[in-house]
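Notes to accompany the following structure.
Coordinate-derived values only; no laboratory data. In this text the structure is predicted, and so the values were computed from the model without any measurement. Backbone-built Cβ (ideal geometry, glycine too); neighbour counts: all protein chains shown.
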Protein chains: 2
Amino acid sequence: MGTTEGPRRITMTPAARRVLEAAGRLFYERGIHAVGVDLIAAEAGVTKKTLYDRFGAKEQLVVEYLADRDERWRAFLAERLDPARPARERILAVFDASHAWSVRHGSKGCSMVNAHAEIDDPSHPAHPIIVGQKRWMLGLFTELAQEAGAGRLAGTLMLLHEGALVAHGLKIFADPIGHAREQARALLAQVS
Amino acid sequence: MGTTEGPRRITMTPAARRVLEAAGRLFYERGIHAVGVDLIAAEAGVTKKTLYDRFGAKEQLVVEYLADRDERWRAFLAERLDPARPARERILAVFDASHAWSVRHGSKGCSMVNAHAEIDDPSHPAHPIIVGQKRWMLGLFTELAQEAGAGRLAGTLMLLHEGALVAHGLKIFADPIGHAREQARALLAQVS
DNA sequence: GCTTCAATATACAGATCGGTATAGTGTTGG
DNA sequence: CCAACACTATACCGATCTGTATATTGAAGC
């Protein structure tokens, strides 16, 4: 039950990697529709020809961007979910991972949620990636909560986590992810 | 302490109203950058000249769109926050209002959060409207929670609410707003 | 009655958009 | 040696983008 494994059949040459890096940074910071392929190519130090030789179309570049983020996030999270530790600690580790991730990757909120705001069409090839990650996160919280003997808390944990990411992106109040983690801890403590 | 009252000095003629309605619908459903002024004018049954005579620029149209949504949401919510009722019920009424709002206005999540995903520049005139509404919501939860003798729950209520709106937009699981409301109720019951 | 103004219709400007075409360079592996 | 391939450089295509220009109509208010 790993990553959804969609299309994603592009040759990852050095230039392609630079393109993906630049696209990821620009898409996340400025939005997908606001960023043109010319800018991406320029930032990557690559000609447009190369960009199109590797990715074929901007849409595919968007797909690769999101699939890459999804893959990286799951790997990042897996590193921090030591299966030896009790489920309750692993639940809190999810919030800690989100905090660490946001420190490393910037604070404009969740790239999946942001991309979803720009994609209306459910038949867009990026759509299953977005929904897939969120479903996977809900599944993770469900498993962990059940293992912690608090199965009914899965939905609440998901909502706290999503809310924290949004609040963090909007910079409404200080350390929303830490706040969500603390609330999760308190809720889990009640089930003991 | 009402709406932030930004610029917003345009003559609201009948044609302008139709433009704002069409822009709101299209911006929300397809995203701001994905919708052109030609389409908005066509959908509103108005010439582009009229659109520019009223709004001057697309950016101003975006500002009006968000300011209008903000205003409507606060009025919508005020109608459902009977000051005679106890604070605890009014907190739950916020979640009920969000549910009713989403039924009426569609389910692509929060228009402020979605707009924020497309606006990088904090100096964009729409930025204060977005952040303003969220700050106001946190202030509302803070007041209500304090009045209910559960001041420390304000942040959690905000996170549950934001998370529910996101989850609702992504359609991850059934009735996230109802779930958030139920969790809020449970948390408030503990403070009694 | 004449100005004011909201509105129409249409055409166009300049920039940028996603994407393609053509020609050539440098490296690598059979 | 040479074919394959990743890549550069540059120029171009048609479409779409925001925004403007021109000329006209119809209704309301002093």
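Averaged over every viewing direction, what's the projected area of the C-alpha convex hull for the range B:63-190? Give it in nm², one decimal, please. Averaging across all directions leaves 7.7 nm² for the Cα convex hull. Shielding by partners for peptide B:150-163, expressed as the average number of C-beta atoms from other protein chains within 10 Å of each residue's C-beta, is 6. In chain B, helical runs assigned H by DSSP with n ≥ 4 each contribute -39500 (n - 2.57); averaged across all residues and rounded to the nearest 500, the mean residue ellipticity at 222 nm is -23000 deg cm²/dmol.
Among the listed pairs B:Lys48/B:Lys108; A:Lys108/B:Lys58; A:Lys48/B:Lys48; A:Lys48/A:Lys171, those with a Cα-Cα distance over 26 Å are B:Lys48/B:Lys108; A:Lys48/B:Lys48; A:Lys48/A:Lys171.
A:Gly106 label point (Cα plus 7 Å toward Cβ) to equivalent points in the other copies: 2.7 nm, shortest first. Charging the Cβ of each Asp and Glu at -1 and of each Lys and Arg at +1, and nothing else, the dipole of the range B:1-126 about its Cα centre rounds to 320 debye. With a/c under 1.5 counting as rounded, go ahead and sort the range A:85-148 into rounded, prolate or oblate using the C-alpha gyration tensor (a ≥ b ≥ c being the square roots of the eigenvalues; past the cut-off, prolate if a/b is larger than b/c, else oblate). Note, shape of the range A:85-148 comes out oblate. Using C-alpha pairs below 8 Å separated by at least 6 residues, the relative contact order for chain B is 21 percent. Assign one of three labels to the protein assembly as shown, namely rounded, prolate or oblate, based on the Cα gyration tensor with a ≥ b ≥ c the square roots of its eigenvalues; rounded applies when a/c is under 1.5, prolate when it is not and a/b is larger than b/c, and oblate otherwise. The shape class here is oblate. Overall, the anisotropy analysis places the range A:126-188 in the oblate class: the square-rooted eigenvalues a ≥ b ≥ c of its C-alpha gyration tensor yield a/c not less than 1.5, with a/b not exceeding b/c.
For the range A:54-77 versus the range B:104-162, the spacing of their alpha-carbon centroids is 29 Å. Given a Förster distance of 56 angstrom, what is the FRET efficiency for B:Asp175 paired with B:Thr11, based on the Cβ-Cβ distance and rounded to 0.05? After rounding, the FRET efficiency stands at 0.85. Counting only Cβ charges, +1 for Lys and Arg and -1 for Asp and Glu, the dipole size of the protein assembly as shown around its Cα centre is about 20 debye. The 3J(HN,Hα) values that the Karplus relation (6.51, -1.76, 1.60; θ = phi - 60°) gives for the range A:56-73 are, in residue order, x, 7, 4, 4, 5, 5, 5, 4, 5, 4, 6, 4, 5, 4, 4, 4, 5, 5 Hz. Gly and Pro appear as x.
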